[in-house]
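Below: one structure, written as structure tokens.
The values are calculated or read from the model by the stated rules, or taken from the named source; none is laboratory data. Small disclaimer: the values here were computed from a predicted structure and weren't measured. Using ideal geometry, Cβ is built from the backbone for each residue, glycine included, and neighbour counts are taken over all protein chains shown. The accessibility values were calculated without ligands, DNA or RNA, using every heavy atom of the protein model including side chains. Shrake-Rupley method; radii C 1.70, N 1.55, O 1.52, S 1.80 Å.
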Amino acid sequence: MNTKELAAEFGFDKSDLEDFILGSNYKMSFGLVKHELKDEEIEPILRDYKQHLEKIQQSKLDKEQEEARQKQAALDKKHAMASMLITSGFNFDGYTISKYSGYISGDDAVQISRGTDGIFSSATNVCDALMRSLVVIRRNALNELKEAAYDLGCNAVVGVDFDYLTLDPETARSGGGTMYLPYVFGVTANGNAVVIEKNDNVGQGY
């Protein structure tokens, strides 16, 4: 029997079947059009090739399941992050803190150009640039704070406050003089990661 007939009889892809045989210990005689197989090897070829296809199918299924698991995990995390409560205080009305998981922080920073290089450049309005950036870096620091709490298995953060950092870096030029680098402004959000549970008696008149 040749590979074309075998593939047609069992609904296999001829090229894939031949590639499998070439990569195995089975023998295949090459002709101009047909590739012949030994009769005594047809049955073991079929057995091994079917197992090969099953492994490919299982691998594909495992990959799809893993992708689905990761997608669901990402959705669960997104929901948990969106519903996570934070406060500058140390409790939440209607909730009880059942676990403290420790001090955490989240950081972000931004560089603001001085805008003084070049003949036609003008100095940057640092105040306006900082105020625009501050909203972004503070939000990013809070998101990182929530990430840290989530990684600890917590659903809330208490005692949240912010620390701010300002840098006015400069360095010496190789040819002499001073090179003023962009301003750096950083923010750190601090807090304590906790697990909170909703009180059962909320809204029952107790």
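With the helix formula -39500 (n - 2.57) applied to DSSP H stretches of n ≥ 4, the chain reaches a computed 222 nm mean residue ellipticity of -15000 deg cm²/dmol. Remark: relative contact order (the chain) = 23 percent; criterion is Cα-Cα distance under 8 angstrom and separation of 6 or more residues.
For a 26 Å ceiling on Cα separation, which of these pairs sit above it: LYS71/LYS198; LYS14/LYS55; LYS27/LYS55; LYS71/LYS99; LYS63/LYS99?
Long pairs (Cα-Cα over 26 Å): LYS71/LYS198; LYS71/LYS99; LYS63/LYS99.
Dipole orientation for the chain: of the candidates LEU37, GLY177, LEU75, GLY177 has the Cα lying most toward the positive pole (charges on Cβ; Lys, Arg +1; Asp, Glu -1). Accessible-area rank, largest first, for PHE185, PHE90: PHE90, PHE185, with all protein chains present and a 1.4 angstrom probe.
Relative to the current alpha-carbon distance between HIS52 and ASP19, full extension at 0.36 nm per residue lengthens the span by 10.7 nm. Compare TYR100, TYR180, TYR150 in a GNM of the chain, Cα atoms joined below 10 Å, and give the one with the largest fluctuation. Judging by the Gaussian network model, the answer is TYR180.
For the chain, a Gaussian network of Cα nodes joined below 10 Å ranks ILE97, ILE196, ILE56 by mean-square fluctuation, and the top entry is ILE56. Computed from the Cα positions only, the extents of the chain along the three principal axes stand at 83, 75, 25 Å, in decreasing order. Of the solvent-accessible surface of region 16-156, computed with a 1.4 Å probe and all protein chains present, 52% belongs to carbon and sulfur. A Gaussian network model of the chain, with springs between Cα atoms under 10 Å, assigns the largest mean-square fluctuation among LEU142, LEU181, LEU46 to LEU46.
Largest first, the three principal axis extents of the alpha carbons in region 1-121 are 81, 62, 22 Å in whole numbers. Computed from the C-alpha gyration tensor, the three semi-axes of the ellipsoid equivalent to region 124-206 are 43, 14, 8 Å, from longest to shortest. Counting heavy atoms of the protein chains alone, THR171 has an accessible area of about 60 Å² for a 1.4 Å probe. With the cut-off at under 16 Å, measuring from each backbone N in region 49-65 to a point 7 Å along the Cα-to-Cβ line of LYS71 picks out 60-65.
Taking each residue as 0.36 nm, the span from LYS27 to ASP62 lengthens on full extension beyond its C-alpha to C-alpha distance by 9.4 nm. Extension gain for THR178-ASP161 works out to 2.5 nm (0.36 nm per residue, less the C-alpha to C-alpha distance).
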